[in-house]
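What follows is calculated from the coordinates using simple rules that are stated; it is not laboratory data. This is a predicted model, so every value here is computed, not measured. Cβ coordinates were reconstructed from backbone atoms using ideal geometry, including for glycine residues, and neighbour counts include every protein chain displayed.
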Amino acid sequence: MSAFKIAYHHQVVSLDLPKLSSEWKAKIKRAVEERLTIHPDLYGRPLRRSLKGYRKLRVGDYRVIFKIEKNTVKILIIEHRSVVYSRIDKRVKSN
């Protein structure tokens with residue numbers, strides 16, 4: 001039974017997920033469903049500085065950046081670790 005609902009930023013659906021291979025999509029989906037719906041605060045490590053209030057979930061070389069708001073986990077970006085932090089600023093501002 002899941003205690004948290006998952007909400008995806010519109011750009012996660014339109015930009016991030018289509019770029020991933022089906023193998024990575026399945027791995028990330030499984031990680032999100034198994035970890036973030038039950039204990040997002042336990043599995044997600046807090047971020048600092050300009051991303052204070054957000055958390056990250058590591059899935060291999062990919063990062064899922066999210067924010068917990070009441071009983072909803074809002075996923076802001078899913079990107080490779082090499083580019084996620086350079087691309088997230090635009091999404092934080094548009095969110």
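In the chain the longest region clear of trypsin sites (Lys or Arg not before Pro) that are loop-assigned by DSSP and have at most 13 other C-beta atoms within 10 Å covers 1-47. Put in order of Cβ neighbour count within 10 Å, fewest first, the listed residues HIS9, HIS39 become HIS39, HIS9.
Close amide H contacts of TYR54 (hydrogens built in the peptide plane, cut-off under 5 Å, sequence separation of 5 or more or a different chain): LEU47. Coupling constants for the range 67-74 follow from the phi torsions by the Karplus curve (6.51 cos²θ - 1.76 cosθ + 1.60, θ = phi - 60°), and in residue order they are 9, 9, 10, 6, 10, 10, 9, 9 Hz; glycine and proline get x. Rounded, prolate or oblate: which fits the range 23-91, taking a ≥ b ≥ c as square roots of the Cα gyration tensor eigenvalues, rounded meaning a/c under 1.5, else prolate when a/b beats b/c? Note, shape of the range 23-91 comes out oblate.
In this structure, the pairs whose alpha-carbon distance is over 20 Å, taken from LYS67/LYS93; LYS5/LYS70; LYS29/LYS56; LYS25/LYS52; LYS19/LYS52; LYS27/LYS56, are LYS25/LYS52; LYS19/LYS52. Computed from backbone phi with θ = phi - 60° and the Karplus coefficients 6.51, -1.76 and 1.60, the 3J(HN,Hα) list for the range 7-20 is 10, 9, 4, 4, 6, 5, 6, 7, 10, 6, 5, x, 6, 7 Hz; x is used for glycine and proline. Taking amide H positions as modeled 1.01 Å from N, with prolines and chain starts lacking one, the residues under 5 Å from VAL59 and 5 or more places away or on another chain are VAL64.
Derived scalar couplings between HN and Hα for the range 44-60 equal x, 7, x, 9, 10, 6, 5, 9, 4, x, 9, 10, 10, 10, 7, 10, x Hz in order, rounded to whole Hz, by the Karplus curve 6.51 cos²θ - 1.76 cosθ + 1.60 (θ = phi - 60°), x for Gly and Pro. Here the calculated FRET efficiency for LEU17 and GLU69, from their Cβ-Cβ distance with R0 = 25 Å, stands at 0.70, rounded to the nearest 0.05. Proximity of backbone amide H atoms, modeled 1.01 Å from N, is registered between VAL73 and LYS5, ILE6, ALA7 at under 5 Å, excluding neighbours fewer than 5 places apart on the same chain. The residue among TYR54, LEU76, SER22 whose Cα reaches farthest toward the positive pole of the charge dipole of the range 5-94, with charges on the beta-carbon of Lys, Arg, Asp and Glu, is TYR54. Net charge of the neighbourhood of LYS90, taken over other residues with C-beta under 15 Å away and scored Lys/Arg +1, Asp/Glu -1, is 0. Note on the chain: helix-only mean residue ellipticity at 222 nm, from DSSP H runs of 4+ residues weighted -39500 (n - 2.57) and normalised by residue number, equals -7000 deg cm²/dmol. Taking a ≥ b ≥ c as the square roots of the eigenvalues of the alpha carbon gyration tensor, the range 51-95 is oblate, as a/c is not under 1.5 and a/b does not beat b/c.
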